[in-house]
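Colleague: Input: one structure, supplied below.
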Amino acid sequence: MALFDDNKPFSYEVIREGEDVVLSVNLEGYPHVPSLEDDPVVMSKACDMLVEVKDATRIVFMQKRNYEYDYEQTILLREIAGLYSRLIRRKEISGYTAMLSDTSCAKWANSWYSTIQNIVSNLLRSDPLGAYVELVRTARDERISIDKSTDNSFAKCGMKYLELLEFILALFEKTRLIALAKPYLAGHKVGDRELYRRFFIPAVRPDFMFTKLMAAFPHDANELETYTIGEDTEVTVFELPDTVQYLYHITPPEFKLTEEKYEILDTARKVMMEHKPKRSEFVEPERMRQVFFNVGQDLIEELAGYRDMKLTSSEIDQLTNILVRYTVGFGLIEVLLQDEKVQDVTINNQIGDVPAFIVHQTYGDCKTNIVPTSAEADSWATKLRLVSGRPLDEANPILDTELSIKGANARVAAVGQPLNPFGVSFAFRRHRDKPWTLPLFMHNRMISPLAAGLLSFIIDGSRTMLVAGTRSAGKTSLLGSLLVELMRRYRVITIEDTLELPTTSLRKLGYNIQPMKVAAALTKGSAEVPADEGIRTTLRMGDSALIVGEIRSKEALALYEAMRIGALANVVAGTIHGDSPYGVFDRVVNDLGVPRTSFKATDVIVVANPIRSADGLHRWRRVTQITEVRKHWENDPLLENGFVDLMKYDSRTDQLEPTDDLINGESEILKGIAGNVKDWAGSWDAVWDNILLRAKIKETLVNYAEKANMLNLLEADFVVMANDEFHKISEKIKEETGSLDSKRIFFDWNEWMKRSVKKMNMK
């Protein structure tokens, strides 16, 4: 056994990690990339090692980048090593050759023996596919020679030789590598390594990283889309053969660096790791990252100077960003979260063996080419404890918190032992950098223009509202878009246990917004204020809109207390799990213990649910119901007509359609809003006209954005301006004419819109 020696290429050590047996091979001084698939020397040496380490389950070649071959690939080569060991020691083979040389076959035996010896001793370890092909061709040529020969002695000896070849071929064909490769061996040339790339695809990991990456593209996969995240991260989505699963293949900049840059990064990481951030530093992660960036930038410049390397400022920034990502950051998870098309990232508890999975905006559930390791998972868990100030241990196996990085925000759920018996698993829910808006949802067909107009009207009417839906239905995003509909003149208070609502972005847009963070429902022993106390506190904070991120537990009682007493004199809204209005009632009353009479304080329930294709492969987010809750029922709102749909999803048109109750003005909630406005009191036509006006304005905004390919018009900053302009124009027309003339309001707003688009085009 060659012991591991830093100065000796192909020295190795065996690392036993439970049932895993890792063959760790030093190739630091080897002048080529260590690759089983491309390098016959590396494959041959690996076979020799596997003859000695018969139970190896993984092979890792150590260089500046580490190349790791997993269990399935190691087994392929381990069988070849076993075949080699068997053939060179097999008595019956040596007996065959001895028999041939002791008889009348002697004059051919040396040549035959030399052929077999060359294939088995020299070719088998470095090119097993070539060895098999050579044996097949040798056997075929021998069969032809026997058939053509008129020498009975040669024919008799040749048959013995042919039997030996077929015996060896049968042993070859029992190995998985040969079995997998047989369909592709027609025309294969000895020495050609292309076919090996189908079966040997290493996970690549630079020295300074824990996470592994399957860098090579898959064979026989259909490329669906390629795009770039930022300036230097490439993403390719593949449709894989023999599975309904897609592959999200990412190539971040840290896998495209030169060896010199790797050395600088590795040295810088070792220096930076000497300072472990304290809990107090993680309280302000953005500031902490900036401090580490500044220190890292100086360090990289200094290390480059020592090596007499000339790096541009952009190269230094790139290396510094990578350094920060792998010291105080979350590694490749951050790269995934910076992709605006990624909605969820999940890492299951078989960490080190299975890839991370994502939910993609276009392709749905995909596996990735990223394989996190246990060391990485432990590092994430520690950082999440520090960021959140919440425990993650056997007494508290669930940690809910938020993660804010440059270019992305995410909600994180970590589940540890004993609830997760195999370690720690993670789920990252990505949020948009900017708030969602109703026009954006219209562009994505989640809601119709009329539904957007109706929701805008209800928000301005200061009603109570619950946004319901299943997991990943878009509840929080929809609630965030309704915040954008609030006029900036009102104060807004948000209550969340994990900060998901876009409060920071809205504050930058001029909103008077106060976020409050409370204890998570499943967290014990936290110093945070319970959610119900947080809600009751808001009742003392004056006239404000109250927005509750998610109603999960006993805070429901406090929320309905706020709804009933009307202390906030403005919108009260929140999200809740439920796939229908009755599902919301059942959850609120039967699960959360809110009295039936208190539930009547709910005015409107908006239900969002995913819609699936008939083949089950695709899904889309849609608002499926806008339902008002009437007040005259006693025990069961479903049986006593307490739920009245104002709009309902129609699968034929793929959008929300108004019900007869809405069209005919049979809505008590809308009439209640109208009763507080002089111009609308007693006039359903005026109310309906205003809802249609709002719908038309939002539809016009979306049309402008789509036709001019200016989708930035749908973002919150412009939508807020458009909403403000609508309110100002409405007030102006009212003063001039004494009524809310919808035609004049739309005309003036449309003229403003034209001027705004023209100004933006001129910039």
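The values are calculated or read from the model by the stated rules, or taken from the named source; none is laboratory data. Small disclaimer: the values here were computed from a predicted structure and weren't measured. As a convention, Cβ positions derive from the backbone with ideal geometry for all residues, glycine included, and neighbour counts pool all protein chains shown. In case anyone asks, the SASA skips ligands and DNA or RNA and just uses the protein heavy atoms, side chains included. Shrake-Rupley method; radii C 1.70, N 1.55, O 1.52, S 1.80 Å.
Colleague: Got a number for carbon plus sulfur as a percent of the chain's accessible area, 1.4 Å probe?
Modeller: For the chain, the apolar C and S fraction of the accessible surface comes to 49 percent.
Colleague: Separate question: Once each part is reduced to its C-alpha centroid, what is the distance from the stretch 27-95 to the stretch 335-395 in angstrom?
Modeller: 32 Å
Colleague: No other cysteine beta carbon under 4.7 Å away is the test; run it over the chain and list who passes.
Modeller: If one checks each Cβ against the other cysteines of the chain, 47, 366 turn up with nothing under 4.7 Å.
Colleague: For the stretch 1-71, which chymotrypsin sites (Phe, Trp or Tyr not before Pro) pass both filters: DSSP loop (anything but H, G, I, E, B) and at most 16 other C-beta atoms within 10 Å?
Modeller: 4
Colleague: Moving to a separate point now. Using alpha carbons only, how many angstrom separate the centre of the stretch 159-183 from the centre of the stretch 482-516?
Modeller: Cα centres, the stretch 159-183 to the stretch 482-516: 71 Å.
Colleague: Here's another thing I want to ask about it. Round to a whole angstrom and tell me the spacing of the C-alpha centers of the stretch 676-754 and the stretch 108-131.
Modeller: Spelled out, the Cα-based centre of one part sits 83 Å from the other.
Colleague: Then there is this: Over 29 Å between Cα atoms, which of 648/754; 648/734; 341/508; 517/671; 732/759; 671/732 qualify?
Modeller: 648/754; 648/734; 517/671
Colleague: Could you sort 469-482, 497-510, 300-313 so that the peptide with the highest average Cβ count within 10 Å comes first and the rest follow in order? Display every interim value, and only then the final one.
Modeller: Details: 469-482: 22.4, 497-510: 20.1, 300-313: 13.5.
Sorting 469-482, 497-510, 300-313 by mean packing, highest first, produces 469-482, 497-510, 300-313.
Colleague: With a cut-off of at most 16 other beta carbons within 10 Å, and DSSP calling the residue loop, which trypsin sites (Lys or Arg not before Pro) in the stretch 429-463 qualify? Please list them. Present the calculation step by step, with values, prior to reporting the outcome.
Modeller: Working: sites: 429, 430, 432, 445, 463; in loops: 432, 445, 463.
Hits after loop and neighbour filter: 445.
Colleague: Please give the charge dipole size of the stretch 290-449, origin at the Cα centre, charges +1 on K and R Cβ atoms and -1 on D and E Cβ atoms. Round to the nearest 20 debye.
Modeller: 560 debye
Colleague: I need the semi-axes of the equivalent ellipsoid of the stretch 32-178: take the C-alpha gyration tensor, multiply each eigenvalue by 5, square-root it, list largest first in whole angstrom. Walk me through the intermediate numbers first.
Modeller: Details: eigenvalues 246, 39, 29 Å².
So the three semi-axes of the stretch 32-178 are 35, 14, 12 Å.
Colleague: Based on the Kirkwood radius over alpha-carbon pairs, what is the Stokes-Einstein translational diffusion coefficient of the stretch 547-686 at 37 °C with 0.692 mPa s viscosity, in µm²/s?
Modeller: 199 µm²/s
Colleague: Same structure again: Accessible area per residue, 1.4 Å probe, Å², for the stretch 577-616: what's the number?
Modeller: 39 Å²
Colleague: Treating only the Cβ of Lys, Arg, Asp and Glu as charged (+1, +1, -1, -1), what charge dipole size does the chain show about its Cα centre? Round to the nearest 20 debye. Display every interim value, and only then the final one.
Modeller: Numbers: 95 positive and 111 negative charges, 92 e Å.
My answer is approximately 440 debye.
Colleague: Any idea what the relative contact order of the chain is, in percent, if you count C-alpha pairs under 8 Å spaced at least 6 apart?
Modeller: Computed value for the chain: 7 percent relative contact order.
Colleague: Next question, about the same structure. Can you pull a Stokes-Einstein diffusion coefficient for the chain at 37 °C (0.692 mPa s), Rh from Kirkwood over Cα pairs, as a whole number of µm²/s?
Modeller: The Stokes-Einstein estimate is 107 µm²/s.
Colleague: May I pose another question? Straight-line reach from residue 107: which lysines fall under 18 Å, measuring Cα to Cα and dropping same-chain residues less than 8 apart?
Modeller: In chain and number order, the partners are 156, 160.
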